Amino acid sequence: MSTVKNQHYVPKFYLRNFSNNNKNIGMFRYKDKSYIPNASIKSVAYSKFLYGEDGELEHLLSKFESQWAEIMRKIIKLNFESLIELDILKLYDFILISKSRTKKVADETNFVLNYLKELIPEEGIHNSSCNMDRVDFEESMKIPNLIPITASLENNKYMFDLDAIILENKTNYDFITSDSPVIFYNQLYIWRNYKINYGLVASGLQIFIPLSPKKVLCFYDSEVYKCLNESNGVINLISKKQITEINKLTVYNSYDQLFFSCNSKENYISELARYKTLENLEEVVTNYKNNKDNGELIKIGKDSIHEKIKLDFFQINNKYKTIKLPNNCGGLRRTYVKALEFYKKTI
């Protein structure tokens, strides 16, 4: 098996959907505020040996990508009409692996592992719930995405209850994407000012994936939201304001770079980029003093997106406007998730 040195954390097939010629793509880089109208797709969104030097994980991802590329082509051309059940299952994998394989996740995981490494004594931790030593950390740090990717493959069952729609762009302004293309949002939590982190099991979850300059795929919790003006699984967006709100989500979720069609104007991209707050990896870990036993609690994970985005095609169902929200870090979970977890306990 040959080993590829430059390993892409955003697949090239995906970026080509935003290209006019399958070779070049527009790019904005935050660190130097560079607008590059014709960057080579081969030379963006990669890191050297991100998935290890043996090539095994890179080879596995490449096999997946050929299948995902075909599914993307079907959706962009025909929406959901030509998809079969197996395509949907593979689409779940694409979404969760794409969220887990990025450099953003690798850097955050590396930071956490280095932080925890300093807390673990040389002989390791040995108790009823954990058995981890420095060797485990060293191995994990070689391929920091391996843990999140493995977890994502086990979690696709938590997407089975989500409904899907296509957001169709009918304006002269394009959707953009980024080096972290899968976006988790929760309009319910934002509307209720419920500022805790949310994830795959949360009530009110919305997942956005820009597929091309004219289409965004969205999975959402239909128990919480009603889709307005939806027809055959498609919502037509007809104003620049609607497109910009979706693009703001992409900016908030991005890490180092934005990607876009070469048709996008520099002033529009620069205007969007102003919404971005530069990443601070130290925010991944938060310490809380525990006065009871003079110990320390550690919260691991970046805050979710809590900025208000106007998604006027979603309406929150009345029940969830007043439902009691739990006062714990787990938040409100979907009915399906609670049923699934109950079932697991009984078998």
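The values are calculated or read from the model by the stated rules, or taken from the named source; none is laboratory data. This structure is a prediction, so every number in the text was calculated from the model and none was measured. Cβ placement follows ideal geometry from the backbone for every residue including glycine, while neighbour counts extend to all protein chains displayed.
Close Cβ contacts (under 8 Å, 6 or more residues apart or on different chains) running from residues in segment 326-340 that are β-branched (Val, Ile, Thr) to residues that are not in a loop (DSSP other than H, G, I, E, B) comprise Val337/Tyr158. Could you list all residues from segment 160-187 that are polar (S, T, N, Q), closer than 26 Å to Ile25 by Cβ and not in a strand (DSSP E or B)? Those that are polar (S, T, N, Q), closer than 26 Å to Ile25 by Cβ and not in a strand (DSSP E or B): Thr171, Asn172, Ser180. Of everything in segment 190-218 that is crowded, with 20+ Cβ neighbours inside 10 Å and among the aromatic types (Phe, Trp, Tyr), the residue that is modelled with the highest pLDDT is Phe208. Test Leu119 against the stated conditions and say whether it is within 23 Å of Pro210 (Cα to Cα), assigned to a loop (DSSP other than H, G, I, E, B) and either among the aromatic types (Phe, Trp, Tyr) or at pLDDT below 95 (or both). So Leu119 does not fit the description; no. Filtering segment 31-52 to residues that are in a loop (DSSP other than H, G, I, E, B), touching a strand residue (DSSP E or B) at 6+ places or on another chain (Cβ under 7 Å) and either of a type in the set (Val, Ile, Thr) or modelled with pLDDT under 95 (or both) leaves Val44, Phe49, Leu50, Tyr51.
Which is more than 22 Å from the chain's Cα centre (by Cα), free of Cβ contacts under 8 Å to residues at least 60 places away in the same chain and more than 21 Å from Lys214 (Cβ to Cβ), of Glu56, Glu65?
Glu56
For segment 285-318, the set of residues classified as modelled with pLDDT of 75 or more and part of a strand (DSSP E or B) consists of Val285, Phe314, Gln315, Ile316, listed by residue number. Outside any loop (DSSP other than H, G, I, E, B), surrounded by fewer than 18 Cβ atoms within 10 Å (Cβ to Cβ) and at pLDDT below 95 - does that describe any residue in segment 243-258? Looking through segment 243-258, none of the residues is outside any loop (DSSP other than H, G, I, E, B), surrounded by fewer than 18 Cβ atoms within 10 Å (Cβ to Cβ) and at pLDDT below 95. Any residue in segment 241-256 that is under 30 Å from Val44 (Cβ atoms) and of a type in the set (Asp, Glu)? Yes - at least one qualifying residue is present in segment 241-256. Residue count for segment 138-157, restricted to those that are more than 16 Å from the chain's Cα centre (by Cα), within 11 Å of Val201 (Cα to Cα) and in a loop (DSSP other than H, G, I, E, B): 0. Entry remark, segment 158-187: residues being of a type in the set (A, V, I, L, M, F, W, C), farther than 18 Å from Ile246 by Cβ and over 16 Å from the mean Cα position of the chain (by Cα) number 1 in total.
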